[in-house]
Each structure stands twice: as structure tokens, then as C-alpha cells.
Amino acid sequence: MAAAVAISSTVKYGIIGVGMMGREHLINLHHLRTEGVAVVAIADPHVPSQDLALQLAQSFNWPLKVVNAARKRQDILVQVGLEYRYMPPVAKLIEIVKGGNLGQVKMVAIREHRFPFLVKVNNWNRFNVNSGGTLVEKCCHFFDLMRLFAGANPVRVMASGAIDVNHKDEIYDGKVPDIIDNAYVIVEFDNGSRGMLDLCMFAEGSKNEQEISVVGHIGKGEAFVPESIVRFGTREKGRDGVHTLKAEDDRIKYDGLHHGSSYLEHLNFLSAVRAKGGQAPAVGLQDGLISVAIGVAAQFSIEKGRFVPIAEVMD
Ligand SMILES: NC(=O)c1ccc[n+]([C@@H]2O[C@H](COP(=O)([O-])OP(=O)(O)OC[C@H]3O[C@@H](n4cnc5c(N)ncnc54)[C@H](O)[C@@H]3O)[C@@H](O)[C@H]2O)c1
């Protein structure tokens, strides 16, 4: 997530890394221009990424120059970019769960069945040494959601996964990619609830990329992305009592590659920056740390073939 400083009424942004994701942030900020935002700095050593960002800046009529002034400010607010929380169907399911409609959450199952990893600058995402591995780099989002739904912290993690289909015929500097393309991960939480991730990255033949199911002692809720459908019902009312709704958010001005969630994330960030007397970020550093720690434990579990306590990786 970018850092921003509210020096005057304008909130000034610096973006470090203007590849695919950094450019999504740039476009979101362009759509937020009427909210009083300005991009004053970018930093990226990759000339094609710089050129693409500058093309965007020119088309938006922004000055761009690299400045370093924000780095040492004590008043900088840090918000971690776990934007799946803001996807309209996910946000709706969070509202349903936090509203107590399902009772005490016992199980959170997240299925991500999607296309393979995209090609990135210098192919950094093909190797565990650069990204921390698939379960860290992209699945931290799902571990964050599990923890949020469970309302608890992880205790231990067990995973099974492999690279079975993708990237086997690719070679970079003489090396074949080592990132896994499918896995099952089980996470146990300190309040007795559990989460499960079912990840497959050679599943283009899927209607939805993410299917999230949360079951409490009273009821069950589900969210489907990108269909943007949410369902919830109770044990008492059974199948006939299940509600189905379409989750939408008309504040979204740019869908990007994440169904408008990074736009909503920016709105949330701006409101935290502008809050009088300070406001905690919606997603803080501890949230980011634990979501990544679960991913690290899952990668380690695959390597070692055993449960990995979270304390082991936090140490
Ligand atoms: N939150 C999300 O949903 C989401 C989605 C995609 C990517 N990401 C994350 O965003 C990050 C970037 O991913 P991407 O898809 O934009 O990759 P990318 O390869 O398209 O872009 C990365 C950019 O960072 C630049 N870079 C590398 N080292 C740098 C440095 N030291 N200083 C400044 N710039 C540097 C590269 O030159 C490149 O232009 C990754 O950490 C990735 O995991 C998050």
C-alpha cells in the first residue's frame, strides 16, 4: 500500500513500484482526483514500468517527479493493502458475520480456482526466493479473511501442495520455476474455529474465482467472486429460508483487476488520513504480518510434511 501524507488539504501519494499493481493504484487515484489527491512521487528501477507510469501520468496531466520527503515523517499512516476485504460480496459477507447472523463462526472455507500467475517484470513471481511462495504472495489475502471471519488468531497450519501443471516448460537463467500451483491448507485458530484453503491455479474453467463459505453455530453465509452473489441462511429456516442477494457498491469508479476493491481501499485510506485526531487504518501492520505468517507456515508445512505452529515462524 502506498504511503500518503496530508500536508495541506491535498493528500500526497508516493508509489514504490509501478508495475501492474502500482499502476492500478495510479488509476484509482486518478479516479479519486475530485477528492483532493495528488501523486507526487514514483520510484521504480525498471524503465518500461517507469515509461508506462509516465504515460499514465501524462494522460492524467500529473507532474511526476521523484521525491523522498515522506520517508521520515512520524505522522505517516500505514495501511496494508489486503483489499479483498473491500470486494463488495466479501464486504457484505463480513457485515453478515460481524452482525452475528451466523452465530459463533466455526468453519471458514475459501476456494480459489483461477488462471495461472501472470507474467511479471523480470519474472520475479516464478521463484519462491523472490515472492516467499504462492501461499505467501497471493494467499495472504485469504488467510487474512479467515482470521477476520474467525475473529481469532492462528495457532498452527497444515498444508499439502505441489507444482503439477503450470510453468514446467518455462526456464529463466537456466532454472525451472518452483512455485506451487495447487494446495490444500488447514488453519486452526485459538478460539477453536478452523479455516481451509483450496487453491488451484489451472482452473480457468470456473464460473467464480473465489467461493467463500463461513459457517457458525446458527447459520451459514457464502460469497462468490466475480459473480458478486451472497447467500446466507440459518439452520432453523433451512434451505427454503436461504437469502440470495447481489452485492454492489456504487461508489466504485474504477474496477481494475480486483473488482473495484482497490478503489474502495483508497477511499478508506483517504478517510483514515483525513480523520481528525487520527484513525487506525482498517488493515494494520499486525494484520499484514499474521496473514503472511500463515502463508509462510503453510509453505513450510509442505516442505516438512507436518503441522507448523505459528509461533515457529513468528520467531
Ligand atoms: N493486493 C493485491 O491484490 C495484489 C495484486 C497483484 C500484486 N500484488 C503485489 O504487488 C507487488 C507488485 O506486483 P505487480 O503485479 O505490480 O508486479 P510487477 O512485476 O508488474 O511490478 C513490480 C514493479 O516493481 C518494481 N520494483 C522492483 N524492485 C523495486 C524497488 N526496489 N524499488 C522500486 N520499484 C521496484 C519493478 O521494476 C516493477 O516495475 C507484489 O508484491 C505483489 O505480490 C498485490
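The values are calculated or read from the model by the stated rules, or taken from the named source; none is laboratory data. Since the structure is predicted, the reported quantities are computational estimates derived from the model, not experimental observations. Here Cβ is always computed from backbone atoms with ideal geometry, including for glycine, and neighbour counts include all displayed protein chains. Note: accessible area is taken over every heavy atom of the protein model, side chains too, but ligands, DNA and RNA are not part of it. Shrake-Rupley method; radii C 1.70, N 1.55, O 1.52, S 1.80 Å.
What is the sum of charges around ASN125, taking Lys and Arg as +1, Asp and Glu as -1, for the other residues whose C-beta is under 11 Å from the C-beta of ASN125? That works out to +2. Whats the longest run of the chain with zero trypsin sites (Lys or Arg not before Pro) that are DSSP loop and have at most 13 other Cβ atoms within 10 Å? Longest stretch, sites excluded: 74-167. Nonpolar atom fraction for the stretch 99-194, defined as the carbon and sulfur part of the 1.4 Å probe accessible area, stands at 52 percent.
A cut-off under 12 angstrom between Cβ atoms defines the neighbours of PRO89, and their net charge, with Lys, Arg +1 and Asp, Glu -1, is -3. Counting only the backbone N, which residues of the stretch 86-104 are under 15 Å from the spot 7 Å out from the Cα of HIS217 toward its beta-carbon? Answer for the stretch 86-104: 100-104.
Please give every one of the aspartates and glutamates within straight-line cross-link reach of LYS106, meaning a C-alpha to C-alpha distance under 19 Å, and leave out same-chain neighbours fewer than 8 residues apart. Qualifying aspartates and glutamates at Cα under 19 Å: GLU95, ASP144, GLU188, ASP190, ASP198, GLU211, GLU222, GLU236. Taking the 1.4 Å solvent-accessible surface of the stretch 199-315 as the whole, the part contributed by carbon and sulfur is 50%. Modelled spin labels at ALA43 and VAL129, positioned 7 Å past Cα toward Cβ, are 2.4 nm from each other. Taking a sphere under 12 Å around the Cβ of ARG156 and counting the other residues whose Cβ falls inside, with K and R at +1 and D and E at -1, yields a net charge of -1. Placing +1 on the Cβ of every Lys and Arg and -1 on the Cβ of every Asp and Glu, with nothing else charged, gives the chain a dipole about its Cα centre of roughly 780 debye. The average projected area of the chain, computed from the convex hull of its Cα atoms over all directions, is 18.1 nm². Accessible surface computed residue by residue for the chain, with neighbouring protein chains in place and a 1.4 Å probe, gives 50 Å² per residue.
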